[in-house]
Every structure is written in structure tokens, then in C-alpha cells.
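Beneath this line is the structure, given in C-alpha cells, with notes to follow.
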Amino acid sequence: MISLDHTILVQMANFIILVLVLNHLLYKPLLRILDERKEKIDGTLEEAERMMEEAERKLEEYNSRIRQARQQAQQIVAEGRLKASEEQKRILASVRKDAEERLEKLQKELEAQKASAREVLRRQAEALSIRIAERVLGRSLSESQRGEVQ
């Protein structure tokens, strides 16, 4: 049977002292280290989350800037095409106007040359008809007679 003598009290006192000593020397420092480690991990996780949010914000800002740059580039290209089209129309209108002016000028010159050629032909025809008349008649024609032949 189990006897209850004073050794049990000594063992209980030893156990309580051991628990107190271990608590003071081992458990409290170990719990403090674990708490510090947990706080450090939590802080690191919070920092990582903050950095992820910052990275996402910067990525969205970057994507927004890219979209704006593309829109501006498209707008610049569209404006360039519009300006080029307008410039092309202006140049074509100018070339047409110049061509029409040159054509009109050439037509006037042609009409003047035509009129001049007719005048020359008329004079030559008059001179030829006077010569023919003088040969047929066998004599020179007077100025009044020449006016009648003409």
C-alpha cells in the first residue's frame, strides 16, 4: 500500500519549486520569444500586405498611364492623318488651279496664234488673188481695184 509520509510533501515542494524555476527560467522566456516572433511575423505580414497593395496601386497607375499614352498616340496619329489629308486636298486644289490657269493661258495663246495665222493667211490670200488678177488681166491693178479684189 502507499504510505503517506513526509517525503511526499518534499516531492510536492520540489515539484512546485521546479515548476516555479522552470516557469521563470524556461517558460516565460520561451513564451516571450514566441510572442516576439509572432509579433515580428505579424509585422512582416502586414508590411508584405502593404507592399502588395502599393505594388497593385503602382501597377494600376502604370496601366492607366499606358492607356493614356496609347490614347494620346492614337489621337496624334488621327490628327496627323487629318492634317495630311487636308494638306493633300490643299495641294491638289492648288495643282488643279495652276493646271486650269495654264490651260486657260494656253487656250488664249492658241486662240491668238489661230487669229494671227488666219490674218497671215488672209493677207497671203489677198496678195495671191491680186497677183492672179494681174496675171489674168495682164496689167497692174490700181489701189481701188485692189480694194475690190480683196
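The values are calculated or read from the model by the stated rules, or taken from the named source; none is laboratory data. Given the structure is predicted, the values throughout are model-derived calculations rather than measurements. FYI the Cβ positions are ideal-geometry reconstructions off the backbone, even for glycines, and counts take in every protein chain you see.
Structure notes:
- Filter result for Val77 (modelled with pLDDT of 95 or more and either within 30 Å of Ser142 (Cα to Cα) or part of a helix (DSSP H, G or I) (or both)): yes
- Pairs where the first residue, in region 119-132, is closer than 16 Å to Glu143 by Cβ and the second is assigned to a helix (DSSP H, G or I), C-beta under 6 Å, 6+ apart: Ser129/Val149; Ile130/Arg146; Ile130/Val149
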